[in-house]
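Heads up: the structure comes next, in structure tokens.
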Amino acid sequence: MSEVNKNEYNHVSEETTVLEINHLYKSFGNNHVLIDFNLTLSKGQNIVVLGKSGSGKSVLIKCIIGLLKFDKGSIRIFSKEIRNLNATALDKIRAKVGFLFQSNALYDSMTVRENLEFPLRRHWIKLSQEKINEMVSQALTDVGLVHTIDMMPVELSGGMRKRIAIARTLILKPDIILYDEPTTGLDPITGREIINLMIEIKTKYNTASLIISHDMNCVKSASDLIIILLEGKCYATGNYQELKSNADPKVKQFFE
């Protein structure tokens, strides 16, 4: 593929469904983790999946990006059923889906610059070094850390490493961002900064985000819609105030 222009990553039009999950089932032996799970995510929308530890939140994300095979149901990303895609087609879909790991997953032996260049060099997109430099600079500008470009991850604070991980997620201008516990391990002030950054990214790029979190500050501030994952199912759905006011004890426990 030849040199891309700056608009080439704007794959999805406004008000478009970018992710559809229908009747999803996933079990590990007799452990039924996801049972008839359903979700629809639209461009420019933030959905938070809220659940207890071990409820299947991380399993859900791994199914979405193809790291785990689900047993039954459908996952459609940009109207493409991922179960039917070969490795090359799946890789092209993944180039439009950013994934923020809970652990950040930065390469300790690489500088910040090299960490951000890594996804650009491993995907099918062919870019000149000049274009790569431009994209790295823009991603670091978005997270306010241009000055760290030649630093090593070990030289960064926990909050800075999280921001660099977000910058790497942004580098391909994804239409969807999957956040796995984005504020875990951060102090409250740094956690708030990351939440604000997530909101800024949504506003600037009109991304759709699926956020896995049990941090109620994140759930309240970053969500347009909340899905409570309980007993493998979408047990309850609504905005923060609707669910906070829900009298069902199984819902209420998350908001006490």
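Each reported figure results from applying straightforward, stated rules to the coordinates on display, with no laboratory input. Note that the coordinates shown come from a computational prediction; the quantities given were computed from them, not determined experimentally. Don't worry about glycine lacking a Cβ; one is built from the backbone with ideal geometry, like all the others, and counts go over all protein chains shown.
Before moving on, here are some points about what is shown:
- In this structure the amide hydrogen of Phe99, modeled in the peptide plane, comes within under 5 Å of the amide hydrogens of Leu178, none closer than 5 places in sequence on its chain.
- Gyration tensor (Cα) of segment 138-201, equivalent ellipsoid semi-axes in angstrom: 16, 16, 10
- Placing one equal scatterer on every Cα of the chain and applying the Debye formula, the log10 ratio I(q)/I(0) at q = 0.07, 0.13, 0.17 Å⁻¹ is -0.24, -0.84, -1.39.
- Cα convex hull, segment 112-174: 74 Å³ per residue, rounded to a whole number.
- Under 12 Å from the Cα of Lys252 - aspartates and glutamates, other chains or at least 8 residues apart: Glu242
- Spacing of the modelled spin labels on Asn22 and Lys92, each 7 Å from Cα toward Cβ, amounts to 2.3 nm.
- The distance between label points at Glu231 and Asn84 comes to 3.4 nm (points 7 Å beyond Cα on the Cα→Cβ vector).
- Under 11 Å from a label point set 7 Å out along the Cα-to-Cβ vector of Met151, the amide N atoms of segment 105-136 belong to 112.
- Value at 222 nm in deg cm²/dmol, rounded to 500, when DSSP H runs of n ≥ 4 in the chain each add -39,500 (n - 2.57): -10000 deg cm²/dmol
- Whole-angstrom gap from segment 207-256 to segment 187-201, using each part's C-alpha centre: 18
- Average Cα contact separation per residue, the chain, under 8 Å, 6 or more apart, as relative contact order %: 27
- Proximal aspartates and glutamates relative to Lys233, as straight alpha-carbon distance under 17 Å, when same-chain residues fewer than 8 apart are discounted: Glu20, Asp36, Asp71, Asp248
- Proxy reagent accessibility, fewest Cβ within 10 Å first, across Thr40, Thr88: Thr88, Thr40
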